[in-house]
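Reading through the structure tokens given below for one structure.
The values are calculated or read from the model by the stated rules, or taken from the named source; none is laboratory data. What you see is a predicted model, and the numbers here were worked out from it, not measured in a lab. Note that each Cβ is placed from the backbone with ideal geometry, even for glycine, and that neighbours are counted across all protein chains shown.
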């Protein structure tokens with residue numbers, strides 16, 4: 001039959017209560033003229049009534065009450081457990097830890113800088129420059145390049161003088177102790193070959 | 001069918017602020033629909049204990065909703081949201097059961113505990129529903145038993161409305177074929 005396919009679809013939708021108004025009008029017009037489809041529609045609606053009667057086995061009131069009790073027990077358990085897990089894994093907690101670590105690193109860097117008197121990244125360059133700037137024995141010392149650091153340059157020159165004197169006299173330990181206090185002197189001492197001559201005599 | 005909640009949005013907002021009574025009202029209004037969806041989805045996998053398992057899934061659905069209700073947005077209908085959670089959890093159950101080798105049907109029914117008193121209608125429903133594909137069953141249950149509008153069903157199943165209608169029409173056709181024969185033999 002020509003009407004079968006299209007109207008079977010519409011009849012099924014009507015039986016399921018899912019027919020839109022335009023489709024409903026088309027079906028109504030058709031069943032008014034087609035006895036087979038009218039019969040089919042009636043049967044489909046009856047079948048769906050039968051189906052409604054065999055719904056899923058819904059729990060009775062007592063079971064729903066038990067369900068509610070169990071639900072709230074679990075929900076309360078979750079609530080109690082949640083703050084702990086939040087404390088353990090929350091983003092805020094991780095952010096605080098990272099911030100604290102950053103503060104510690106900055107504090108250590110600042111302390112190191114204050115103690116050594118220079119920025120770590122520039123230390124190597126400054127050392128080399130300072131070593132080159134150390135005056136040779138008897139040489140008149142030049143004025144410091146930066147007016148902001150005259151005291152530091154003077155202190156460094158003093159320490160270098162001490163190192164040179166100790167090295168010239170062969171007091172190795174004194175020389176090394178002074179050099180430990182003034183790292184720049186290591187570069188200077190190596191480049192000027194003072195250490196070998198100082199090491200010959202020793203200072204027991 | 002349970003009574004719908006008046007002004008559901010306001011009730012949801014109260015529930016999101018921790019009002020247990022409001023969440024209880026939402027649960028009362030939607031639990032049967034969620035139970036049906038879970039029950040018919042796991043029917044082939046849970047055997048005689050489908051009711052028990054569906055009840056457990058229903059509880060898990062509401063626990064998840066309770067936990068996440070603060071994230072619910074009014075653009076989505078609450079029932080659609082719940083149905084989607086139910087479908088996901090029920091599908092997970094089916095997948096896990098199949099993985100464990102506890103496959104559906106009569107073997108599982110035989111192996112598990114005897115059906116309880118409220119499972120008396122299970123064989124009729126199960127036999128008829130087995131004729132349907134998973135999607136056809138989902139769509140049919142949501143429309144026929146839960147009275148959900150097509151648009152909501154489309155949202156919950158992530159299908160278009162026209163696809164929902166096609167599944168629905170096919171489901172009705174298949175069920176009428178199965179049931180028609182069954183009831184013709186038994187009743188007349």
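Rundown of residues vs (1) closer than 13 Å to residue B:138 by Cβ; (2) assigned to a helix (DSSP H, G or I); (3) within 14 Å of chain A (Cβ to nearest Cβ), yes/no style:
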| position | (1), (2), (3) |
| --- | --- |
| B:54 | no, yes, yes |
| B:61 | no, yes, yes |
| B:67 | no, yes, yes |
| B:75 | no, no, no |
| B:87 | yes, yes, no |
| B:98 | no, yes, no |
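Remark: residue B:21 matches the filter, which requires a residue to be within 12 Å of chain A (Cβ to nearest Cβ), more than 13 Å from the chain's Cα centre (by Cα), surrounded by fewer than 20 Cβ atoms within 10 Å (Cβ to Cβ) and farther than 21 Å from residue B:158 by Cβ. Does residue A:23 meet the test of being within 11 Å of chain B (Cβ to nearest Cβ), assigned to a helix (DSSP H, G or I) and farther than 23 Å from residue B:127 by Cα? Judged against the criteria, residue A:23 is a match. Quick one: what pairs do we get from the stretch A:58-77, first residue free of Cβ contacts under 8 Å to residues at least 24 places away in the same chain, second part of a loop (DSSP other than H, G, I, E, B), C-beta under 9 Å, 6+ apart or different chains? If the second residue must be part of a loop (DSSP other than H, G, I, E, B), the pairs left are A:64/A:58; A:66/A:59; A:67/A:59.
The number of residues in the stretch A:50-80 that are modelled with pLDDT under 80, in a helix (DSSP H, G or I) and within 11 Å of chain B (Cβ to nearest Cβ) comes to 6.
The combined condition, being modelled with pLDDT of 80 or more, within 23 Å of residue B:70 (Cβ to Cβ) and in contact with a helix residue (DSSP H, G or I) (Cβ under 6 Å, 6 or more places away or on another chain), is not fulfilled by residue A:95. Return yes when residue B:27 is modelled with pLDDT of 85 or more and within 14 Å of another protein chain (Cβ to nearest Cβ) and no when it is not. Yes, satisfied.
Every listed requirement among (1) within 20 Å of residue A:55 (Cβ to Cβ); (2) at pLDDT below 90 is met by residue B:168 save one, (2). Can you tell me which residue in the stretch B:43-52 is modelled with the highest pLDDT, limited to those that are crowded, with 23+ Cβ neighbours inside 10 Å and more than 9 Å from chain A (Cβ to nearest Cβ)? Filtering first and then ranking leaves B:46.
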